[in-house]
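The values are calculated or read from the model by the stated rules, or taken from the named source; none is laboratory data. The shown structure was predicted, so the numbers you read here are calculated from the model rather than taken from an experiment. Ligands, DNA and RNA are excluded from the accessible area calculation, which covers all protein heavy atoms including side chains. Shrake-Rupley method; radii C 1.70, N 1.55, O 1.52, S 1.80 Å.
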Amino acid sequence: APFGVGMHPYLHVGADADGGLADASLTVPARTAMVVDGGLPTGENRPFDGAVGRIGDRRLDDPVTDLVRDDDGWARVRLSGPAGALELAVDGSWSWLQVFSGDTLPAGQQRRSLAVEPMTCPPNALADGADLVVLEPGETWSGTWTLGWTPA
């Protein structure tokens, strides 16, 4: 059974108005971004510098991979803002993250939080087979991701 799994948490660190995400600071442990057009892969990849720092007006809607992992095998995204800091960590079962700054959300929701989505495969994987998990009869799969919060 081929499959892909993705979760869609939105991380909020204190942006009270549309655009407030600009003041947050971000680190994403990835070295490669998949180039997408309308959310679908173009077949190209590009280098990704995960040391984003202050988000500012940077628009993010990127599937990223080639994750940098700690000695324990976990990759850790860090987002900090006026309310505190969040860490989203993924174990080795997750080889992709989707990072979305919410620019296309409706007014009242734009750029107030950041989606950081653990994924086992990139967008369109069921069509092109990229990084799909394939289970043989009787096999199982598991993956773990966590959120940690430090208030300001």
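Just how many % of Cα pairs in the stretch 73-128 lie over 17 Å apart, if you round to the nearest whole percent?
51
Would you mind getting the accessible area per residue of the chain, heavy atoms of the protein chains only, 1.4 Å probe, in Å²?
51
Quantify, in whole percent, the carbon and sulfur part of the accessible surface of the chain (1.4 Å probe; protein heavy atoms only).
Carbon and sulfur atoms account for 51 percent of the accessible area of the chain.
If I model the chain as equal point scatterers sitting on the Cα atoms and use the Debye formula, what is log10 I(q)/I(0) at q = 0.08, 0.17, 0.20 Å⁻¹?
-0.23, -0.98, -1.29
Based on Cα coordinates alone, diagonalise the gyration tensor for the stretch 1-78, multiply each eigenvalue by 5, take square roots, and list the semi-axes in whole Å, largest first.
That gives 23, 17, 14 Å for the three semi-axes.
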